Amino acid sequence: MPPAMADILDIWAVDSQIASDGSISVDFLLPTGIYIQLEVPREATISYIKQMLWKQVHNYPMFNLLMDIDSYMFACVNQTAVYEELEDETRRLCDVRPFLPVLKLVTRSCDPGEKLDSKIGVLIGKGLHEFDALEDPEVNEFRRKMRKFSEDKIQSLVGLSWIDWLKQTYPPEHDPSILENFEDKLYGGKLIVAVHFENSQEVFSFHVSPNMNPIKVNELAIQKRLTIHGKDDEASPGNYVLQVIGRIEYVFGDYPLIQFQYIRNCVVNRTLPHFVLVECCKIKQMYEQEMIAIEAAINRNSSNFPLPLPPKKTRIISHVWDNNKPFQIVLVKGNKLNTEEAVKVHVRAGLFHGTELLCKTIISSEISGKNDHIWNETLEFDINTCDLPRMARLCFAVYAVLDKVKTKKSTKTINPSKYQTIRKAGKVHYPVAWVNTMVFDFKGQLRSGDIILHSWSSFPDELEEMLNPMGTVQTNPYIENATALHIKFPENKKQPCYYPPFDKIIEKAAEIASSDSANVSSRGGKKFLPVLKEILDRDPLSQLCENEMDLIWTLRQDCRENFPQSLPKLLLSIKWNKLEDVAQLQALLQIWPKLSPREALELLDFNYPDQYVREYAVGCLRQMSDEELSQYLLQLVQVLKYEPFLDCALSRFLLERALANRRIGQFLFWHLSLIKLNAVKLNRAKGKEAMHTCLKQNAYREALSDLQSPLNPCIILSELYIEKCKYMDSKMKPLWLVYTNKVFGEDSVGVIFKNGDGKYSGFYSTKFLRRKYDLLCPFFPFRMLPYGCLATGDRSGLIEVVSTSETIADIQLNSSNVAAAAAFNKDALLNWLKECNSGDDLDRAIEEFTLSCAGYCVASYVLGIGDRHSDNIMVKKTGQLFHIDFGHILGNFKSKFGIKRERVPFILTYDFIHVIQQGKTGNTEKFGRFRQCCEEAYLILRRHGNLFITLFALMLTAGLPELTSVKDIQYLKDSLALGKTDEEALKQFKQKFDEALRESWTTKVNWMAHTVRRDYRS
């Protein structure tokens, strides 16, 4: 566990006054009942401390009753209040960080399960005993199911051969698609690969065909070594595996070399692929250790769940479809409303399925009171109980009602200006609190009896019918100060009432289909197909009118046969408050063709809460490769928030794929951690020297060494290169960390840790740029550089360092003696590229610059990326231009005194054009090609416009300040001109291109101001 930052009350902190001399007083409890107090070094290992204690034990009574020293280990209560046995004695005391400096000597336990549970508790920051103590039947049921699910999955690994285990655990990253123009980057049509041998300084290089498979490379390397050393023993190529040097990544299998992602990256970046030939016995050792860990995980007996209760005697149950009475609840009372006594309060209630209102909202009577309000009022909804869909949710909002003349005086405690209000009959209605709950529980049982709902006080910017259906169905856990609503559902005294099971739903659909009243054709013939196609081709943000929805539902069989991708619009057209339609839809869903994974993503949006629809969508996602799943993992984790219950098809799918691929598992962990973590304020060391002093301490040095990179688990971060670690110049002072790689002198690895920035936009926008890059590459080799990034907390994250690159600002400043003039030096960038490249390399660098600039011009325009100054646009020495720091997206540009700083749709300055034209003003051919590249890229992205809208819609709950409602996504629809033809859209983009070029002088002025301000600060 990494050492924490200093805290005055933290006895384990580096500058703690309690351990100011480097030692700390620890109390030791022996099995004989003897108590000993010793001063021990805070950085001493557990093994060293045990030896210290054992020397003192000889001087105390009953020493002869103790067993051998190796029969004992220490135990303590850790920072998560969990009893932890310290079996790993190489850990330092300062890393263990007991809650109090008390260590108990206990007989060594042979149960690895407890140790595993303890490690899990430390990792997630919450002891497993806390989950065991929860009296929540849904949580307990979910944990039991997921444990069984996980055990079954990992049990399948037992008995595999080592090669099959390697395929499942470390699957090779390969892409069968054809790499465009890769022949130009080869050496005479050949790849050059370097092969190292373990425990040897020898390196062999080979010119090989890009279509050669890895086993052939093994054979070449072994033959060459035998030829040089003349060894008699023959080594089989099958007894070795190629490992990417410095990484936990293996290249094996019957695939051409050019299909492996590592090889492709080397070819594109013109670097030499380095491998080390690893003996299979090493892999087998890893496999055996993994099997031991799996067995320990399966057989652990700590945190055992209680056995499920024996099944009760068969009892009669009823189904809601048999209940034709209007649905009603009783609003009993409200507590802690925190309003003035003279202020009247009412409650609004509505039934929703997704964002669809199932019936009219109900408004309670207005009553006054200070904190407690008693209604005892029945709220009857205009919908029969039988017509309630399975995923119906009941939404409440508490409003304070004020006369306009009294508004200013009476709203001190409710801060109304921030939220949406209703003005009616001379009164103003201010929202006070909201809360949602499901009508059916996780077992499908209709809720009954009394329930207390602790409400939330923070409202979103937009409300549906003055309610918040997109809000969570979890109640506020901070119950001490939360507004509480006491609701009473109708009692089911005779028997429990459930939503019908799937077989009953299908029976109902068959019954409807065979009835005379249903003999209405759901096909419209060819004459309706053009009309239907026009409606279905609209983007996901387009609203459907009632007539269009009726037409889609009526022609649902035509949709299935001719337009299967229209399923989302069909689901928006169905009347979810009519059980007959719901039953027919579920039957139709069973024969609906499978959608592509990209198309199925939309079905996981909040608008489609139905259980069977989401199961269908997850079934389509199973076609995804691991690489494609990794690209969408961020969105898939975010939409878990839309799931009303823990046990769902999506959570099982993500867990299944995480167990099958370590890379996916690691990113799933971090994305889930981001959802649960709250902001923690840390004190930042002031100054580079203080930071270096801190990192040089053994506790920090060892805790931050030999790690798997969170950005790429294949990369090992071996040892900190402290002299190169620094604080960066930007506002949040990110920490620039540099790691050396001890394996065969591999290049250093840079990681930026950013903390304190409340905007997730930068991390998420980089993911969207990666998606754009993946979509563009199959059509044209745009040389964009979507560097790695990972949000690790509420306000923190990691960013990959792109080596051999400089910011535009640094390049310009280094070429000028005056900061104010630096931004206007159009030759600076081209001259810098000439210094870094010559001859053919310079031509290639300019080509890289041209293609990457085109890609980023289009991407930044489509995404609406703002705050583009010369310090967040960078260029590699090889010519690749790339953008960083995406804190403002979707057209949210910075402004000063109401005036926008940025007046151009994207950045295209004359120094960029100067590079593209190779320094020749009249080189219109090069500029014309650049413009054509931009137009081609724009049209390619337009073809995937619906996908981008879907991806942003799935991120509505991610906490992005620029993405809080569907209206924010409208920017994408406008920038991609989705409602227009290709010709109209291209005309719009050409106008934006001309505008960017014409107004580029304003960009230079902004850059000058930024450069001067930066130069003044430094």
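The numbers here are math on the coordinates, done by the rules we state, and not lab data. Quantities reported herein were computed from a predicted structural model and do not represent experimental measurements. Because the Cβ atoms are built from the backbone with ideal geometry, glycine has one as well, and the counts that use them run over all protein chains shown.
Could you please report the charge total around E491, scoring K, R as +1 and D, E as -1 over all other residues with beta-carbon less than 12 angstrom from its beta-carbon? Surrounding charge for E491 is +3. Each 5 Å bin from zero holds the following percent of Cα-Cα pairs in the range 449-602: 1, 7, 12, 14, 14, 13, 12, 11, 9, 5, 2, 1, 0. Highest average first, the peptides 501-511, 385-395, 267-277 ordered by how many other beta carbon atoms sit within 10 Å of their residues are 385-395, 267-277, 501-511. Working from label points 7 Å from Cα in the Cα-to-Cβ sense, the L695 to K333 distance is 6.0 nm.
Applying both filters, DSSP loop and at most 10 other Cβ atoms within 10 Å, to the GluC sites (Glu not before Pro) of the range 134-218 gives E135.
Here the 3J(HN,Hα) profile of the range 570-587, calculated from phi with Karplus coefficients 6.51, -1.76 and 1.60 at θ = phi - 60°, is 5, 5, 7, 8, 6, 8, 6, 9, 9, 4, 5, 5, 4, 5, 5, 5, 4, 5 Hz, Gly and Pro shown as x.
Which aspartates and glutamates, if any, have their Cα less than 20 Å from the Cα of K1004, not counting same-chain residues under 8 positions apart? Correct list for K1004: E806, D810, D827, D867, D871, D885, E902, D911, D994, E995, D1015.
In order along the range 994-1001, the Karplus-derived 3J(HN,Hα) couplings, from 6.51 cos²θ - 1.76 cosθ + 1.60 at θ = phi - 60°, round to 5, 5, 4, 6, 5, 9, 5, 4 Hz, and Gly and Pro are given as x. Where a ≥ b ≥ c are the square roots of the eigenvalues of the C-alpha gyration tensor, would you call the range 112-305 rounded, which needs a/c under 1.5, or, failing that, prolate if a/b is larger than b/c, or oblate? The shape class here is prolate.
Stretching the chain fully between N371 and Q155 yields a gain of 72.2 nm (0.36 nm per residue, less the alpha carbon separation). Remark: F667, F131, F352 ranked as F131, F667, F352, counting other beta-carbon atoms within 10 Å and listing the fewest first. Rounded to the nearest 0.05, the FRET efficiency derived from the C-beta distance between E615 and N140 at R0 = 22 Å is 0.45. Extending 7 Å from Cα along the Cβ direction at N814 and again at K724 yields two label points whose distance is 1.6 nm. Hey, which of these cross-link pairs are over 24 Å Cα-Cα: K877/K926; K826/K987; K696/K724? Checking Cα-Cα distances, K826/K987 exceed 24 Å.
Taking the number of Cβ atoms within 10 Å of each Cβ as an exposure proxy, the fewest-first ranking of K526, K50 is K526, K50. Taking a threshold of 28 Å on the Cα-Cα distance, which of the pairs K282/K876; K754/K990; K733/K876; K443/K578 fall above it? Checking Cα-Cα distances, K282/K876; K754/K990 exceed 28 Å. Give the shape of the range 884-995 as rounded, prolate or oblate, defined through the alpha-carbon gyration tensor: a ≥ b ≥ c are the square roots of its eigenvalues, a/c under 1.5 means rounded, and otherwise the shape is prolate if a/b is larger than b/c and oblate if not. It is oblate, given that a/c is not under 1.5 and a/b is not larger than b/c.
A simple rule links phi to the HN-Hα coupling: the Karplus curve 6.51 cos²θ - 1.76 cosθ + 1.60 with θ = phi - 60°, which for the range 858-875 gives 5, 5, 5, 5, 5, 7, x, 7, x, 6, 8, 10, 6, 9, 10, 10, 10, 9 Hz, with x for Gly and Pro. Net charge of the neighbourhood of K1004, taken over other residues with C-beta under 11 Å away and scored Lys/Arg +1, Asp/Glu -1, is -1. Among the chymotrypsin sites (Phe, Trp or Tyr not before Pro) found in the range 831-932, those both in a DSSP coil and sparsely packed, with 10 or fewer other Cβ atoms within 10 Å of their Cβ, are F897.
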